Every structure is written in C-alpha cells, then in structure tokens.
1. Does residue 201 meet the test of being in contact (Cβ under 8 Å) with a residue 12 or more places away in the chain, in the same structural domain as residue 290 (by TED's automatic domain parsing), buried (at least 18 other Cβ atoms within 10 Å of the Cβ) and more than 23 Å from residue 312 (Cβ to Cβ)?
2. Somewhere in the stretch 143-152, is a residue assigned by TED's automatic domain parsing to the domain that holds residue 276 and under 22 Å from the mean Cα position of the chain (by Cα)?
3. Every residue in the stretch 224-283 that is modelled with pLDDT under 95, closer than 27 Å to residue 174 by Cβ and within 21 Å of the chain's Cα centre (by Cα), please.
4. Would you point out which residue out of 305, 287, 257 is closer than 22 Å to residue 208 by Cβ and surrounded by fewer than 18 Cβ atoms within 10 Å (Cβ to Cβ)?
5. Quick one: residue 105 ticks every box in (1) within 26 Å of residue 273 (Cα to Cα); (2) surrounded by 20 or more Cβ atoms within 10 Å (Cβ to Cβ); (3) in contact with a strand residue (DSSP E or B) (Cβ under 8 Å, 6 or more places away or on another chain) bar one, so which box is it?
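The values are calculated or read from the model by the stated rules, or taken from the named source; none is laboratory data. The shown structure was predicted, so the numbers you read here are calculated from the model rather than taken from an experiment. A quick note on method: Cβ atoms are made from the backbone with ideal geometry, for glycine too, and the neighbour counts reach across all protein chains shown.
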C-alpha cells in the first residue's frame, strides 16, 4: 500500500493510485514525428501517424528536393519526375550559375550536392503549433566535379537551406517555409545567376490539375481557364483544384526583400499545371562577388479545401507581420 500511495502523491492526487500508475506508463505521443534515413537519403515528417512531407537528398540525385507534401486530409499536392519532364521534382529550387544549368538534367547539368543535413527542433512554436525544421548544407558544383572529395574547393555556391514545417490544425493548414542562404565557394571569384523565366522555386502540380488549375494572385490577374505559360509580378500566387475528387488549394508567398524586388510568378495549366516563384533572372541576372552573401525566403501553404483570394491576401499579411 505504501508504494501505491507514493504514486498517487507524485501524480498530484489522481482519483485512484492504480489509475495514476497506469497513466505514468503511457508515453506522451507528439503530433509530429520525424523519420530520418541517412542511408536512403530521405527525411520524412509525419503528423498523427500520417505522412506530411518527404524530403529526398540521396547522393545519386541531381538535387535535393521535397518529393511529397500532403494536406492534413492526406492528398499529395506534388508530382515527381513525370514522363514528360523527368527533371520536374516535386518542390525544388534551381537556377543557372555562370552558364551551368542546375534546373534541367541533361548535357552535364550542375549538381546540388548534399553535404550535411542536421535535424532541428521538433516540438511547438511560440503559438503552440506543432513545428519541425532542418538545415542542410549543399555545394553547387559543375558536373565534372560531382565526385570531387573536397567539393567546397570547387563549389560555385555554398548553400545553407532551412526548411520549417508548421501545422495549424484549426485553420486546416500545412505551412512550409523555404529559406536558403548562399555564399560563393572559396575559389570562385564571382557568379552570375540567370536562367529561364521559370527558374527559381518551382513545384509540379498533380496531374488532376493539368489544364484545369485555377490561379489567383495578389495582382488580381484574370487567368484564362487553360492559360499557357505566363509570368506575373506579385507578392503571392495561389492555385486550387481537385485531387482524388477532393478540393485542395496551395498558395506560394515571396518576400519583397528577395533580390530583384517584387517576385515574378510563373504559372501555366496547358499542357500541364506548374507554379514557380522566380526573381526574374531571365530579364535581370544577379551578380555577386566572393565574400558577398545573399538568400531567398518563401512560404508555401497547403489546404484540404478551396481558399478565396481574400483569405490568401490575409495570409500574406500575416506572414509579412511574422
């Protein structure tokens, strides 16, 4: 009886000592769970036992990227390596550097070489919402240097990429902040960032959105139902449609402090649905010298329902305040 009394006392006077002991045995299950497989080059975040994000960074890839991203209901809103464009990898970031193409993957492309991935916090943010993060070091190297042991010595760019995932269950939102900080490799005197009008942070949308995706943006652009490729200056762009018969919506937000000012958003529904946040490098390349540092920061939000333009504008203001 003495042992049972001690358990009851420590638990703060639960109604029955045996009930208190039983509760002590049950582990506290965090809503977010991380599964990191270094051998496979894969990091997965789960929410309440279901996959929420899969990040792929294996050594045999051309670049690390988010391969899968789910709504809280369970629809994957990304498409990886479709037959028409094998280099379209879920949610990915790439541009061209000094004439080397890090976006497409033919004719000896540039390699975003994964060097180190460090899992960050797993828990809750200041608002009490479940949150997880990691930081990854990436060396951007030319194709002939893809197997060079000292990749830092031959790197055009050294990137420190931080991805932060937050779940707001009350709002039905999955939010992913993509932040990348760059500096030049120690032996690279200068770089010129350029590329096509879709180079930047791009995401290939699900096949069910092809030719029917509905776009809206902060500029109030009137998009045709099946519009061809276009680029529009805006602070954010949203897209909605259906996946497996269920409504979904995404919104991609950019910071004005990203270089080249107001972001440009590449959108298209025909022949397939695509969305990218760019810095307009096709019209105004960026140049940096050794010793300079620069970066980009974007927010992608995902919902298991349609969202109005007014809602997305309000979400943009909220992120700006953050």
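1. Answer is no for this residue.
2. The answer is no, given that none of the residues of the stretch 143-152 is assigned by TED's automatic domain parsing to the domain that holds residue 276 and under 22 Å from the mean Cα position of the chain (by Cα).
3. 255, 256, 257, 258, 262, 263
4. The unique qualifying residue is 305.
5. Only one criterion is unmet by residue 105, namely (3).
The rows are residues; the columns are (1) surrounded by 15 or more Cβ atoms within 10 Å (Cβ to Cβ); (2) at pLDDT 95 or above; (3) touching a strand residue (DSSP E or B) at 6+ places or on another chain (Cβ under 9 Å).
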{"position": "10", "(1), (2), (3)": "no, no, no"}
{"position": "14", "(1), (2), (3)": "yes, no, no"}
{"position": "46", "(1), (2), (3)": "yes, yes, yes"}
{"position": "75", "(1), (2), (3)": "yes, yes, yes"}
{"position": "93", "(1), (2), (3)": "yes, yes, yes"}
{"position": "101", "(1), (2), (3)": "yes, yes, yes"}
